[in-house]
Amino acid sequence: MRWLTRVGFATKGFVYGLMGIFALLAALGQRGGQIGDKRHTVHVLQALPGGRVLLGLIAIGLGSYALLRIAQGVFDTQHEGRAVKGLVRRFGYVVNGLVYLGLIGYAAHGAIHGRVSARDPEQAWSVLVLRWPGGHWLLFFIGAVIIGAGFYALYQAATSKFMEAIELGSLGEKRRGFIRRMGMVGYGARGIVMIIVGSFFVHAGMAERAAYVGNAGDALGILANMGPVVLAIVAIGLATYGVYGFVQAIYPVRPR
């Protein structure tokens with residue numbers, strides 16, 4: 001679990017950091033800046049020299065993160081319990097892991113074939129879910145869980161609760177304060193994006209239309225419509241959240 005934590009959070013931080021940088025460049029009107037989600041980041045990396053090797057490494061790293069989250073949900077390694085609150089949080093871990101499994105396939109496809117797939121995995125599996133009996137309620141519930149996770153991220157940003165998940169015993173107070181402020185900015189931006197993404201799923205479930213499902217890129221597009229300043233603020237936050245991912249990898253989650 002400690003190994004999965006280190007590799008997984010470092011890779012996740014790398015992807016989030018690039019996603020934030022690309023969005024910030026778009027907000028500033030610079031060449032190379034484009035609004036997109038994690039898959040767009042993978043697509044950009046694929047075009048770089050040695051991109052196939054890099055995508056292969058990212059697929060392995062995100063696989064570690066996905067296994068970590070699924071294990072936290074299925075085996076309750078975080079000791080959330082079987083009460084309603086605990087089960088919802090464990091379900092959220094599993095959903096998070098499954099989302100990253102989809103991104104792994106996207107990166108692995110680019111590593112093996114030299115080009116990334118053009119399919120939109122969120123809408124593809126949403127079409128499948130809507131074919132199930134009561135599938136629209138499942139989409140609605142997934143959206144509600146994502147929204148809840150978004151508000152919890154904002155709560156973590158406001159209370160610095162995320163500091164409980166890392167061990168900084170060897171660091172001085174100034175460095176602790178810097179990491180705390182960085183986490184507050186990062187978790188705040190991620191929470192905003194998650195709330196918007198969750199609302200896409202809720203809308204899709206209520207309307208029974210998979211086309212309404214959106215991703216982080218679509219959420220950033222909505223923020224861009226509010227003005228470049230809003231997009232720039234959230235983009236900086238996402239990039240900061242990416243840096244915080246490396247902090248989580250260096251100072252892993254403490255056993256509970």
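The values are calculated or read from the model by the stated rules, or taken from the named source; none is laboratory data. On a predicted model such as this, the values are computed, not experimentally measured, just so you know. Note that each Cβ is placed from the backbone with ideal geometry, even for glycine, and that neighbours are counted across all protein chains shown.
Do the conditions hold for Gly205, that is, is it touching a His at 6+ places or on another chain (Cβ under 6 Å) and modelled with pLDDT of 90 or more? Yes. On the given criteria, is Tyr93 closer than 26 Å to Met1 by Cα, at pLDDT 70 or above and touching a Phe, Trp or Tyr at 6+ places or on another chain (Cβ under 8 Å)? In short, no. Taken over segment 150-180, the residue count meeting the criterion of being surrounded by 16 or more Cβ atoms within 10 Å (Cβ to Cβ), at pLDDT 90 or above and either aliphatic (A, V, I, L, M) or touching a Leu at 6+ places or on another chain (Cβ under 6 Å) (or both) is 4. Once segment 47-62 is narrowed to residues that are surrounded by fewer than 21 Cβ atoms within 10 Å (Cβ to Cβ) and in a helix (DSSP H, G or I), the residue that is modelled with the lowest pLDDT is Gly51.
Among residues of segment 17-30 that are outside any helix (DSSP H, G or I), none has a beta-carbon under 6 Å from a residue that is charged (D, E, K, R) and crowded, with 23+ Cβ neighbours inside 10 Å at least six positions away or on a different chain.
Confirm whether Ala189 is part of a helix (DSSP H, G or I) and modelled with pLDDT under 90. No: the conditions fail for Ala189.
Conditions (1) under 18 Å from the mean Cα position of the chain (by Cα); (2) hydroxyl-bearing (Ser, Thr, Tyr), marked per residue:
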residue: His136; (1), (2): no, no
residue: Ile142; (1), (2): yes, no
residue: Gly148; (1), (2): yes, no
residue: Tyr152; (1), (2): yes, yes
residue: Arg190; (1), (2): yes, no
residue: Ile195; (1), (2): yes, no
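Do the conditions hold for Arg119, that is, is it of a type in the set (Lys, Arg), at pLDDT below 85 and closer than 24 Å to Ala23 by Cβ? Yes, satisfied.
Quick check: anything in segment 98-115 at positive phi and either modelled with pLDDT of 90 or more or surrounded by 17 or more Cβ atoms within 10 Å (Cβ to Cβ) (or both)? No; the residues of segment 98-115 include none that is at positive phi and either modelled with pLDDT of 90 or more or surrounded by 17 or more Cβ atoms within 10 Å (Cβ to Cβ) (or both). If you go through segment 210-236 and keep only what is surrounded by fewer than 20 Cβ atoms within 10 Å (Cβ to Cβ) and hydrophobic (A, V, I, L, M, F, W, C), you end up with Ala211, Ile222, Ala224, Met226, Val229, Val230, Ala232, Ile233, Ile236. Does segment 229-239 contain any residue that is outside any helix (DSSP H, G or I), without any contact (Cβ under 8 Å) to a residue 40 or more places away in the chain and farther than 23 Å from Arg6 by Cα? No.
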